[in-house]
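Undergrad: This is the structure, below, for whatever I ask next.
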Amino acid sequence: MNRNKLFLLLYILLYACTWSYAQVKILSWNVENLGKSKPDSTLAFIAKTIKEYDIVALQEVVAGYGGAQAVARLADQLNQTGAKWDYTISNPTTSSSYKTERYAYLWKTSKVKKIGEAWLEDNYAVEIDREPYYCTFQYQNNTFTLANFHAITKSKQPETEIKYFKFLPAQYANKKLIFLGDFNCPQSHTVFNPLKKMGYQSAFINQKTTLKQECNTTTCLASEFDNIWYNTQHFTIKNPEALLFYEAFDTLAEAKTISDHIPIAVTLFVK
């Protein structure tokens, strides 16, 4: 092998090793009413599904009794999988009583470090029904902030609150924001255009994430609601995954005892 070919090979190997190491695997899941009604068997299944990821953002944690306890129980399940996990849970959102819920983050302590306290967005708590829940993480020498969000239902026009997201990057100009969760709205909607003009991009395009009432001959998925939005100036996204957990069950009805949404995940590279 001549010198030029050897140099090229070494460069490729160094580049591949750098990219394979400098990564964080992030998962988002609307777990549908995670609370005291979820038995340990359900939490064990959820833990098995998410254990390979580094940071997990959950939506629809019950605001009342049992929600926070269910997250703690889930963390216990994860801590039995061979890695040490920690978690943080939001206060109930400032929504009306029948809409309020909590968010949660869980993460591998060997992979990332939580920086400061997580917080609910209070500047648009009136305009946004279930205000986003932020948490800043440090990976190696880089920090980034996740904004966990669950929009109002499609029938209530989620675009009327998503439109306020265009103000959040400037409000948190010193943070590298990633918006993730259940937007109840497809990425193709014009309400996302201001974010796109700022350099944000959706990790998923035309990926349906909610379960149908019944599977048809082509799919068990109904609507393109969940996504992860990231600024291409700060991040590169690889390996977007839609986890079809329902395939582990004999019927869709059984799968829906876990959730009516599938989890989505990406591998994040911080620039």
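Undergrad: Kindly provide the set of residues from the range 135-145 that are assigned to a strand (DSSP E or B) and either of a type in the set (S, T, N, Q) or touching a Gly at 6+ places or on another chain (Cβ under 9 Å) (or both), ordered by number. Please lay out each step first, then the result.
TA: Keep residues of the range 135-145 that are assigned to a strand (DSSP E or B), which gives 135-139, 142-145.
Listed by number, the residues that qualify are C135, T136, Q138, N142, T143, T145.
Undergrad: For the range 58-83, which residues satisfy the criterion of being among the charged types (D, E, K, R) and more than 11 Å from A44 (Cα to Cα)?
TA: Passing the criteria: only E60.
Undergrad: With surrounded by 23 or more Cβ atoms within 10 Å (Cβ to Cβ), modelled with pLDDT of 95 or more and within 30 Å of A248 (Cβ to Cβ) as the only criterion, which of F149, F144 stands out?
TA: Testing whether each residue is surrounded by 23 or more Cβ atoms within 10 Å (Cβ to Cβ), modelled with pLDDT of 95 or more and within 30 Å of A248 (Cβ to Cβ) leaves just F149.
Undergrad: Checking the condition of a type in the set (S, T, N, Q), surrounded by fewer than 20 Cβ atoms within 10 Å (Cβ to Cβ) and not in a loop (DSSP other than H, G, I, E, B), which residue from T81, T88 passes?
TA: The conditions single out T88.
Undergrad: How about the range 205-264: which of its residues are in contact with a Lys or Arg (Cβ under 7 Å, 6 or more places away or on another chain), surrounded by fewer than 16 Cβ atoms within 10 Å (Cβ to Cβ) and in a strand (DSSP E or B)?
TA: Within the range 205-264, just T236 meets the criteria.
Undergrad: Do you know which residues across the range 190-204 are of a type in the set (G, A, S), closer than 17 Å to A242 by Cβ and in a loop (DSSP other than H, G, I, E, B)?
TA: A203
Undergrad: State which residue is nearest to the chain's Cα centre (by Cα) when the search covers only the range 65-99 and only residues that are β-branched (V, I, T) and farther than 15 Å from V31 by Cα. Let's see the steps before the verdict.
TA: The initial filter retains those residues of the range 65-99 that are β-branched (V, I, T), namely 71, 81, 88-89, 93-94.
The next check asks that each one be farther than 15 Å from V31 by Cα; those that pass are 81, 88, 93-94.
Details: T81: 21, T88: 14, T93: 18, T94: 21 Å.
Looking at residues that are β-branched (V, I, T) and farther than 15 Å from V31 by Cα, I get T88.
Undergrad: Then there is this: Would you mind telling me which numbered condition in (1) surrounded by fewer than 22 Cβ atoms within 10 Å (Cβ to Cβ); (2) part of a strand (DSSP E or B) Y105 fails?
TA: Every listed condition holds for Y105 apart from (1).
Undergrad: Please determine whether any residue of the range 237-257 is β-branched (V, I, T), closer than 20 Å to Y53 by Cβ and under 12 Å from the mean Cα position of the chain (by Cα).
TA: Scanning the range 237-257, I find no residue that is β-branched (V, I, T), closer than 20 Å to Y53 by Cβ and under 12 Å from the mean Cα position of the chain (by Cα), so the answer is no.
For every residue, the table says whether it meets (1) touching a residue at least 24 places away in the same chain (Cβ under 8 Å); (2) within 21 Å of T267 (Cβ to Cβ); (3) touching a Phe, Trp or Tyr at 6+ places or on another chain (Cβ under 7 Å).
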{"position": "S41", "(1), (2), (3)": "no, no, no"}
{"position": "T49", "(1), (2), (3)": "yes, yes, yes"}
{"position": "E52", "(1), (2), (3)": "yes, yes, no"}
{"position": "A83", "(1), (2), (3)": "yes, yes, no"}
{"position": "I89", "(1), (2), (3)": "yes, no, no"}
{"position": "T94", "(1), (2), (3)": "yes, no, no"}
{"position": "Y98", "(1), (2), (3)": "no, no, no"}
{"position": "Y103", "(1), (2), (3)": "yes, no, yes"}
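Undergrad: What is the residue count in the range 232-256 for residues that are out of contact with any Pro (no Cβ under 9 Å at 6 or more places or on another chain), farther than 30 Å from N141 by Cβ and of a type outside the set (K, R)?
TA: 11
The values are calculated or read from the model by the stated rules, or taken from the named source; none is laboratory data. Since the structure is predicted, the reported quantities are computational estimates derived from the model, not experimental observations. When we count neighbours, we look across all protein chains shown, and the Cβ atoms used for this are built from the backbone with ideal geometry, even at glycine.
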